[in-house]
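Each remark here refers to the structure printed beneath this line.
Since every read-out is calculated from the coordinates, none of them should be taken as a lab result. Keep in mind that what you see is a predicted model, and the values were worked out from it rather than measured. Note that each Cβ is placed from the backbone with ideal geometry, even for glycine, and that neighbours are counted across all protein chains shown.
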């Protein structure tokens, strides 16, 4: 147990030096890092929201808004199903009292209508090999009145999918803004927690996250003006949408010709004619073909670009556009054009999100937390150092050196992983220091027992390390299990604590059993002691 070959000693020394070089940038200022050699590690530990400040936003999926959108789509599906040949006469199709309602005119068509509507129940599987549940429920009366509503299980499954999709969309949007290490987590069944450490403009972040960004392309209906349609009754298959710039009503075809789902890219740019900010967009192959067909068949007509039920622009199609790209112009600033491009690239949210809680954490509070954590860590480390030297003499010095290596390696791993360090994470580091000392205490006490039993100095040290190893591994494995459970079940600060604890467990075993053993082995090889100073 006390023999170390040259390659083992070299490996241990290189690991410690590598950890020291990786940790060192955390103690340097930004100015010092600029002059830091390029071939050396320059990353720093990412500080969490509670340490460096930033934005804290808690969103809730708007169930009512989502249900309205789904019912509108269901309404269109019912219309198409009943118009299939042979056509079934109906009346009163629309959303009424939280359900899609339609009345079949002829009682003889009720049976056929039931079959067609049952095909729209949209069965969903609950998992691999799990039972199937219908998204919608159908209530068909003998008098021809049919009502379709969400089932409870179907709505729950849809909301789970909406939350998961929203998390991915939010993550893409925040990544496009360049925010460092955002934390985006599901809270409960329909809430999403967003923490953006270091975000200097929380309002911009809020605007970018909360906008649904559902982009559609519609033809403008010229049969009547938007004002006439707004004051009267718009033609069937059309609806009125207000303009973003001039607040003028536009009469648009209700069915979009293209959607933002077919966009491949969007970039902010400047118009070469007037140097104003614009957004250039490009469709994918399928969207480009549709766009070319639409512009070819509707040359001379106005083509409205709608974002979240607001007309951004409605230019006239002068000629067919076959390249699959276009430009969105308007009263954009540089930032608003860039934000719109970010939204279009990241994709649309599947449902509206409502802000339930919003907090801005100042960096001053974080700095106070860091200083308090430093003081607690220094006081704890000083007491540990004094105790180990007083209890175990020279071996206590070896344990303190191994403890310092443990902390260095812990910070090195956190830096390489770019794990977010939070205030509970600092508590995890302090706990790791205590556990590292505990491992050395187990080893040294076992060495004492072997010496009292009459073993030689070399035999006592060898037996002490060998027999304490099992106890150390048992203690750390059980703690590791608890830390893993905390990581997967816990959220926010709990995860930060579990990360530092898990990393600290591995560095503790390495430093307590390898580094301290190497130091003692080198001391034994040089001094050849007949009696242990412990």
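A few points about this structure:
- Taking 0.36 nm per residue of separation and subtracting the current Cα-Cα distance, fully stretching the chain between residue 27 and residue 152 would add 39.5 nm.
- Take 390-396, 219-225, 460-466 and order them by the average number of nearby Cβ atoms within 10 Å per residue, most first; the result is 460-466, 390-396, 219-225.
- Listed peptides 137-144, 45-52 appear in the order 45-52, 137-144 once ranked by packing, highest mean of other Cβ atoms within 10 Å at the front.
- Stokes-Einstein D in µm²/s, Kirkwood radius over Cα pairs - region 66-149 at 20 °C with 1.002 mPa s viscosity: 161
- Relative frequency of Cα-Cα separations exceeding 44 Å in the chain, percent: 41
- Residue 401/residue 187 FRET efficiency (R0 51 Å; Cβ-Cβ; nearest 0.05): 0.70
- Relative intensity of region 1-134 on a log10 scale, I(q)/I(0) at q = 0.16, 0.21 Å⁻¹, equals -0.99, -1.24, per a Debye sum over C-alpha point scatterers of equal strength in the absence of solvent.
- Protection-proxy order for peptides 434-446, 271-283, 22-34, 250-262, each taking the mean of Cβ atoms within 10 Å per residue, highest first: 434-446, 250-262, 271-283, 22-34
- Acute angle (nearest 10 degrees) that the helix 493-510 long axis makes with the longest principal axis of the chain, alpha-carbon atoms: 40
- Value of relative contact order over region 66-149, rounded to a whole percent, pairs C-alpha under 8 Å and six or more apart: 26
- When all alpha carbon pairs of region 211-332 are counted in 5 Å bins from zero, the resulting P(r) reads 2, 11, 20, 24, 22, 14, 6, 2, 0 %.
- By DSSP, the beta bridges lying fully in region 211-332 are antiparallel in about 95 percent of cases.
- Residues within the reach of a label modelled at residue 81 (point 7 angstrom out along Cα to beta-carbon, backbone nitrogen below 17 Å), restricted to region 101-120, are 101-106, 109-120.
- Between helix 6-23 and the chain there is an angle of about 50 degrees, using the helix long axis and the longest principal axis of the Cα atoms.
- Helix 457-489 axis, angle to the chain major axis (alpha carbon atoms, nearest 10°): 20
- Pairs of Cα atoms nearer than 8 Å and 6+ residues apart set the relative contact order; for the chain it is 18 percent.
- Extension gain, residue 522 to residue 445, is 25.7 nm, computed as 0.36 nm per intervening residue step minus the present C-alpha separation.
- Per-residue ellipticity at 222 nm, computed for the chain from helices alone with -39500 (n - 2.57) per DSSP H run of at least four residues, works out to -17000 deg cm²/dmol.
- Efficiency of FRET from Cβ geometry, residue 107 and residue 269, R₀ 41 Å, rounded to 0.05: 0.10
- Beta bridges per DSSP, both residues in the chain: antiparallel share near 95 percent.
- Order of 77, 5, 166 - criterion: other Cβ atoms within 10 Å of each residue's Cβ, fewest first: 5, 77, 166
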